[in-house]
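Below is one structure, written out as structure tokens; comments come after it.
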Amino acid sequence: MLIRDETAGDIPAIGRLVTEALRMLPQSTGTEAGIVEKLRADGALALSLVAEDEGEDEGEVIGYLAASAARIGTQDGWGLIGPLVVLPARHRQGIGTALMAEALRRLRATSRGAALVGDPAYYGRFGFRAFPGLGVAGCPPEVVQALPFDGTEPRGELIHHPAFGLAQPE
Ligand SMILES: CC(C)(COP(=O)(O)OP(=O)(O)OC[C@H]1O[C@@H](n2cnc3c(N)ncnc32)[C@H](O)[C@@H]1OP(=O)(O)O)[C@@H](O)C(=O)NCCC(=O)NCCS
């Protein structure tokens, strides 16, 4: 498997993968592929990483991770990870882990930390955790997690790019 930046030719496959991988998820809103498109159109995809199959299905996009700039409270410089998706038939083969490792490696060079909204049972293994006072309106506090790179204590609302369509200050 190869982790690399998206190219223009990947864009339709990324849309299909995001829709298919998230369809079964109870918390999915069905808008995630559109969020990626809006981020791209706005030049706000800080990272747009694809996992490409190098086996017999060579070239197929089997995983995807997006990251965009975010604020926590009044503090900018955070990298928001999401969506992260892997083709359902290829779950539990380390693809999500490989995408996350590359994203964190790159974000360390540009950001004070990474943040996301997701299942703590999965993201805890990468060092993400909840912090007192860190949240997103309407989300249970335990799913809003951060991984500071420099010891910064994240406190306040995790403010996504407007493409996410959350009712948040911009
Ligand atoms: C979550 C997701 C990205 C993980 O990708 P993946 O390639 O299957 O993950 P990996 O193979 O790297 O898994 C790493 C470990 O996490 C575990 N894991 C995978 N999904 C998990 C989950 N939802 N909860 C807890 N643990 C999970 C795996 O068992 C594996 O553990 P092991 O190394 O001890 O066997 C993928 O399952 C997916 O696309 N799910 C649907 C979309 C989604 O849920 N996105 C995240 C939104 S919160």
TODO: Please give the number of the condition Asp57 fails out of (1) modelled with pLDDT under 95; (2) farther than 20 Å from Arg92 by Cβ.
DONE: (2)
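So that you can scan it fast, the table gives a plain yes or no per residue for (1) part of a loop (DSSP other than H, G, I, E, B); (2) farther than 26 Å from Pro26 by Cα; (3) touching a Leu at 6+ places or on another chain (Cβ under 6 Å):
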position: Ile62; (1), (2), (3): no, no, yes
position: Asp76; (1), (2), (3): no, yes, no
position: Leu104; (1), (2), (3): no, yes, no
position: Ala114; (1), (2), (3): no, no, yes
position: Thr152; (1), (2), (3): yes, yes, no
TODO: Looking for whichever is out of contact with any helix residue (DSSP H, G or I) (no Cβ under 7 Å at 6 or more places or on another chain) and touching a residue at least 60 places away in the same chain (Cβ under 8 Å) here; the options are Leu2, Leu17, Leu25, Leu39. Which one fits?
DONE: Leu17
Open item on the list: So Glu37 ticks every box in (1) in contact with a Gly (Cβ under 8 Å, 6 or more places away or on another chain); (2) part of a strand (DSSP E or B) but one. Which box is left unticked?
Closed with: (2)
- [ ] Name the one entry in Leu84, Leu107, Leu116 that is near the ligand (Cβ under 7 Å from one of its atoms), touching a Gly at 6+ places or on another chain (Cβ under 7 Å) and at pLDDT 95 or above.
- [x] Leu84
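Yes/no per residue for (1) of a type outside the set (A, V, I, L, M); (2) closer than 24 Å to Ala137 by Cα; (3) surrounded by fewer than 13 Cβ atoms within 10 Å (Cβ to Cβ):
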| site | (1), (2), (3) |
| --- | --- |
| Gly30 | yes, yes, yes |
| Ile72 | no, yes, no |
| Arg92 | yes, no, yes |
| Leu99 | no, no, no |
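The values are calculated or read from the model by the stated rules, or taken from the named source; none is laboratory data. Worth saying up front: this structure is predicted, and the values here are computed from it rather than measured. Glycine also receives a Cβ, built like all others from the backbone with ideal geometry; neighbour counts cover every protein chain displayed.
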